[in-house]
Amino acid sequence: MEKLTRHDGRWTLEDRFAGAWHYLPVEVPPGSRALRVELDYDRAAATLDLGCLGPAGFRGWSGGARRSFVISAGDATPGYLPGELEPGTWQVIIGIYRVHAEGTGYRLTAQATDSRAELRAGPRPAPPVPLARPPRRELPAAAGRRWLAGDLHAHTVHSDGAVTVPELACRAVGRGLDFLAITDHNTISHHAELGPAAARYGITLLPGQEVTTDTAHAGVLGDVGWVDFRASPDDWLAQAQQRGGLMSVNHPIAGHVSWLRPMRGRPPLIEVWHPSWLDPRWTTPLAWWLAWDPAAIPVGGSDWHRPGDNAEPGSPTTWVEGEGTGPGAVLDGLRAGRVAISAERDGPVLLRHDGELVAVQADGTVLAGPGGPCARVRGDRARLPGAAGPHRLLDASGAVLALTP
């Protein structure tokens, strides 16, 4: 038994003006064991996003990274959720991100079958566990806590990244990180792989997702379920709060992917430090943070996608003072504002401890507070008055090396 559905047409600017997302119905008969969908269009002239809703809700998203997907009971293309196929009308989501001025032709083919469909490429073998990892840095912390080095923004093959979850976990371990949030775009299909990969490589992997539209990117951290990117940012925030997660405004100043959405509320986190901060002498991201919400907790993220990216995982490093090392401890530390950011995991760090500012391995740098430069750092573990407000460590050129709220 097989059910074949075809849609042909042309997406135009007027379609995009009418709405960012459009839906093509696909019938899945009872007894279907697999669904394969292929989208064909001129990728040199347009970018169309691809996703899927079943009768019971979300089944996957790959954005513009893929032009086909398979869903079956036992497996699915990365970005999509495996599971039994509910009979009825499914909806293939087409996101009109960019189309040619004269319109873009497309053809969508969906095949529901009662035979098991094989994925075109099976899972890659997990890399071996590293024999050694960089030694952990011991930073001054409150009793019962320790500073954990991590990264809150990274991607895998479950969206537009190039590596698998195990490959990314292994890479993060090699960089000396204690935790990593995997935040694939508009999907949670990677969450099922986090526990096994975390146990195999000895690293805390936080469930996350980057809720992505063409006018806003938000990092949602925690096991809060799929966040519907078609809703408003205030809805994203409400779901994160109600289910014990945290939301961040991601790379608010980043060219064509800057934050443009108004909000009634304010997310608790803001990704102040991101590779889009092209020159750390510029204070623009800090100005945006303080204008948007000075009470927001600053965090950093590499936004790593593939080998060869300018920023490796942990560049920058977000430090969290945690009561333990698990995902809950990381989220609790973030929520409490026990955070510091450094350009690199092994570079100068500025943190708060016992009411003072402590600059570690920062000899010769300059401490700057809300009023500007205020002290020269002397020694590899210098204690300085812990005045209120965000403080930075600067090099001789004025570039930011480390930051603490």
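The values are calculated or read from the model by the stated rules, or taken from the named source; none is laboratory data. All of these numbers come straight from a predicted model, not from anything done at the bench. In this analysis, Cβ positions are derived from the backbone assuming ideal geometry, glycine residues included, and neighbour counts consider all displayed protein chains. Accessible surface is based on the protein model in full, side chains and every heavy atom, while ligands, DNA and RNA are left aside. Shrake-Rupley method; radii C 1.70, N 1.55, O 1.52, S 1.80 Å.
Observations on the structure shown:
- Principal-axis tilt of helix 327-336 within the chain, Cα atoms, nearest 10 degrees: 60 degrees
- Most to least packed among 158-166, 315-323 [average Cβ atoms within 10 Å]: 315-323, 158-166
- Sorted peptide list for 168-176, 182-190, 50-58, criterion being average Cβ within 10 angstrom, highest first: 182-190, 168-176, 50-58
- Within the chain, helix-based [θ] at 222 nm, where runs of 4 or more DSSP H residues each add -39,500 (n - 2.57), nearest 500: -4000 deg cm²/dmol
- Per residue accessible area of the chain, 1.4 Å probe, in Å²: 41 Å²
- Accessible surface of the chain [probe 1.4 Å, protein heavy atoms]: carbon and sulfur percent: 53 percent
- Annotation note: trypsin sites (Lys or Arg not before Pro) in the stretch 336-388 located in DSSP loop regions with a Cβ neighbour count of at most 12 within 10 Å are Arg378.
- For the chain: relative contact order, % (alpha-carbon pairs under 8 angstrom, 6 or more apart): 12 percent
- Angle between the chain longest axis and helix 233-242 axis [Cα atoms, degrees, rounded to 10]: 70 degrees
- D (Stokes-Einstein, µm²/s), Kirkwood Cα radius, the stretch 52-105, 0.692 mPa s at 37 °C: 264 µm²/s
- Centre-to-centre separation between the Cα atoms of the stretch 18-35 and those of the stretch 213-273: 28 Å.
- Contact order for the stretch 315-405, expressed relative to its length and based on alpha carbon pairs under 8 Å spaced 6+ residues apart, stands at 26 percent.
- Relative contact order of the stretch 218-308, pairs being alpha-carbon contacts under 8 Å that are 6 or more residues apart, as %: 24 percent
- DSSP bridge analysis restricted to the chain gives an antiparallel fraction near 85%, rounded to the nearest 5.
- Charging the Cβ of each Asp and Glu at -1 and of each Lys and Arg at +1, and nothing else, the dipole of the chain about its Cα centre rounds to 600 debye.
- Take the Cα of Ala291, step 7 Å toward its Cβ, do the same at Ala238, and the gap between the two points is 2.9 nm.
- Calculated on the Cα set of the stretch 142-264, radius of gyration then Dmax: 14.8, 44 Å.
- Nearest 10 degrees, 0 to 90: helix 191-201 Cα axis against the chain principal axis: 50 degrees
- In the distance distribution for the chain, Cα-Cα pairs more than 33 Å apart total 36 percent.
- Semi-axis lengths, Å, the stretch 64-159, gyration tensor of Cα atoms, sqrt of 5 times eigenvalues: 41, 22, 15
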